[in-house]
Amino acid sequence: MTTAETIILNGRVLTMVPEVPRASALAMANGKILAVGSDADIRVFATPQTRVIDAGGRSVLPGFIDSHVHLFQGSAELDFLPVGGLTQLEQVRPKALAYASARPDEPLIQGVGAFYDLFCSATEAPRLMLDKIISDRPFALLAADLHTVWANTAALKQRGMLNGAEMPEGSTVVMGDDGFATGTLLETGAFGPVLALSRTGGRDMLGYVTGSDPEPPATAAEREADKAMLLKGLDHVAAHGITTLHNMDGNIYQLELLSELETEDRLKARVQVPFHLKNFDPLERIEEAADMHRQYQSDMVWSGRVKMFMDGVLESRTGLKIRAYPDDPDNHGEAVFDPSHFNEACRQIDALGLQISVHAVGDMAVQLVLDGYECAQTANGKRDARHRVEHIELITEADIARMKRLDAVASMQPRHAAFAGFFEPPKPDTVFFADECARAYPWEMLRRAGIPLAFSTDWPVVPIDVLANIQCAVTPRNLGVDWPDQSQSLLNSLKAYTATNAWMAFKENHTGSLRAGLAADVVILDADIEQSAPHSVEAVSIAMTFCAGEVTSELRSL
């Protein structure tokens, strides 16, 4: 009989295995789960060399899987200027000045996590407002949603954008009546050049902005700096009980760095990195996605998926809606892809057996994405593709039915919702018409329709705190009669962060549940989460995290 390297006893084990949903103990060896059962069942695997952990009645779960993150950007942001939660520029001023003073050689003073509230009632150009804080050095604020940047005059001048610039479809340098850029840069094509001024050289953003590799290639010193940055991010991830990440931007460079960390035995989480197909890419680039899939297929680092964007976000009115925005009657948002280009991309990607995930916020964006999936299915035949629709902040009832028919997966982020309590909900008749609220952030509508529902954070858009996100799903705010109750049960929410996310990545026989033979990816919470009051879920902390049987975070000695 194989003996255990580690056993966990006296726990409240939630296995995510429907046939045996609960246990009290488990054993691990050689990166795998040996057995799950009662304390008596598991003690027989112990030897004097076995580490025995008494969970003390705490919850034991499969390691959390965050299925929508931007790892490189999130890691970089840990060292940038945090301005999240601030709603007035006067609150930003002292933080920005202190940050700039402490970093006299910083090429770009970059604030991250900025709320739109900072500029929503502005009476002058954002660049001029930022100039009043810092004018002699490039200074920019990146919106929390990663879809808008506000830049000062120095940053715009340095990139040759003060007088405007040609942009790819879906990106905009907003111009003022005076003929100069206002400083508001909408979407990646517009703000990528400014963020490339940062100390990272924009390498952290390349997988998001262009999907290409650094040019010229990163030096050996830059590669080591980027690996150190990723390690800091992975430590941060592990401390939140996460053992697998599905990245939402990608390039070969990220895969190389992560694979080097795996070879060096320093990788603390499994990471899937997609190929990022942009709207300006020729379809011949899809073959690069197939190459990435062939080259990277380890247990810890793999590809096999193509990411695309169909629209922007509601806050900047770039999310694509069927009906125009109530407060901007001529604006429906903008489609990032031409429909025929997108449909053919979906057909080719699907024909290669790759998975597709597409950012689609507005109901028209969701409709166009489903058109592409339907085109692929009609041309190639139906298969177990598990194509994903990312975000779905508004959808039509007809497209809910179509998602079910196409076997598409809903990949959603609880903390993004208007009723989550993290961002301020939109005022009536600004983003949504009253009747649209019933179809906004439709977690429960999709679940009841039988559509697989996966949860994630979209870090660094919101913090990567899994339990805080689950809190939003379990106890959403009541915004009034126009907004139906979309709340989720605790167990369904935990499943959406474990078993469903594993299944969505075709990893259900590898991770996402606790049963013999699967990877020993385990998280021990610091309480019995099922006994926590509904409004106290986010107060539960992480005690220990194991990835492949190795302790990747130990915040409490057990």
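A simple rule links phi to the HN-Hα coupling: the Karplus curve 6.51 cos²θ - 1.76 cosθ + 1.60 with θ = phi - 60°, which for region 380-394 gives 9, x, 6, 9, 7, 8, 6, 5, 10, 10, 8, 5, 6, 8, 7 Hz, with x for Gly and Pro.
For region 316-408, the percent of C-alpha pairs falling in each 10 Å distance bin, counted from 0 to the bin holding the largest distance, reads 17, 49, 27, 7, 1.
On full extension, the segment bounded by Thr3 and Lys95 gains 27.7 nm, given 0.36 nm per residue less the C-alpha separation. Shape analysis of region 377-425 based on the Cα gyration tensor places the equivalent ellipsoid semi-axes at 28, 12, 6 Å, largest first. From its DSSP helices (H runs of at least four residues, each -39,500 (n - 2.57)), the chain gives a residue-normalised ellipticity at 222 nm of -8000 deg cm²/dmol.
Which of the peptides 369-382, 155-168 is most tightly packed, and how do the rest follow, judged by the mean count of other Cβ atoms within 10 Å per residue? Write down the numbers at each step before the final one.
Details: 369-382: 18.6, 155-168: 17.0.
Result, highest mean Cβ count within 10 Å first: 369-382, 155-168.
Report, by chain and number, residues whose modeled amide H sits under 5 Å from the one on Gly85, excluding near sequence neighbours (fewer than 5 apart, same chain). So Gly85 has HN proximity to Phe115.
On full extension, the segment bounded by Thr396 and Asp39 gains 123.6 nm, given 0.36 nm per residue less the C-alpha separation. Applying the Karplus relation 6.51 cos²θ - 1.76 cosθ + 1.60 with θ = phi - 60° to region 439-445 yields 3J(HN,Hα) values of 10, 9, 6, x, 3, 6, 4 Hz, where x marks Gly and Pro. Taking the 0 to 90 degree range and rounding to the nearest ten, how far is the long axis of helix 397-406 tilted relative to the main principal axis of the chain, both from C-alpha atoms? Its long axis makes an angle of about 50 degrees. Length available on full extension from Asp178 to Ala533: 0.36 nm per residue minus the Cα-Cα distance, which gives 122.2 nm. Amide H contacts for Val271 (H built 1.01 Å from N in the peptide plane; partners 5 or more residues away or on another chain; cut-off under 5 Å): Leu245, Val301, Trp302. Placing unit charges on the Cβ atoms only, positive for Lys and Arg and negative for Asp and Glu, gives the chain a dipole magnitude near 1220 debye about its Cα centre. Between the C-alpha center of region 315-383 and that of region 408-481 there is a gap of 20 Å. Neighbour counts of other Cβ atoms within 10 Å put Arg127, Arg448, Arg402 in the fewest-to-most order Arg448, Arg402, Arg127.
Kirkwood hydrodynamic radius, region 81-197, all distinct C-alpha pairs: what's the number in Å?
About 13.9 Å for region 81-197.
Peptides 436-446, 291-301, 242-252 ranked from most to least packed by the mean count of surrounding Cβ atoms within 10 Å: 242-252, 436-446, 291-301.
Ranking of His236, His510, His416 by neighbouring Cβ atoms within 10 Å, starting from the fewest: His510, His236, His416. Just need log10 I(q)/I(0) for region 275-504 at q = 0.10, 0.12, 0.14 Å⁻¹, Debye formula, equal scatterers on the alpha-carbon atoms, no solvent, rounded to two decimals. Log10 I(q)/I(0), no solvent term: -0.45, -0.65, -0.89. Rounded to the nearest whole Hz, the Karplus-based 3J(HN,Hα) values (6.51 cos²θ - 1.76 cosθ + 1.60, θ = phi - 60°) of region 331-346 follow the sequence 10, 9, x, 9, 6, 6, 9, 5, x, 5, 5, 5, 4, 5, 4, 4, with x at glycine and proline.
Given contacts defined as C-alpha pairs under 8 Å and at least six residues apart, what's the relative contact order of the chain, whole-number percent?
Once normalised by length, the contact order is 17 percent.
For q values of 0.17 Å⁻¹, compute log₁₀ I(q)/I(0) with the Debye formula on a Cα-only model of region 1-153, without solvent. For region 1-153 at q = 0.17 Å⁻¹, log10 I(q)/I(0) is -0.87. Here Glu19 and Phe506 are evaluated by their C-beta separation; at R0 = 22 Å the FRET efficiency comes out at 0.55. Using modelled amide H (1.01 Å from N, peptide plane; none on Pro or chain starts), what sits under 5 Å from the amide H of Thr6, excluding residues fewer than 5 places away? It is Met28, Arg51, by chain and number.
Please compute the Kirkwood hydrodynamic radius over region 372-483, one decimal place, Å, based on all pairs of different Cα atoms.
By the Kirkwood definition, the hydrodynamic radius is 15.1 Å.
Expressed per residue, the C-alpha convex hull volume of the chain stands at 153 Å³.
Where a number appears in this text, it was derived from the coordinates with a stated rule and is not lab data. None of the values given here were measured: they were computed from a predicted structure. Here the Cβ is made from the backbone with ideal geometry for all residues, glycine too, and neighbour counts use every protein chain on show.
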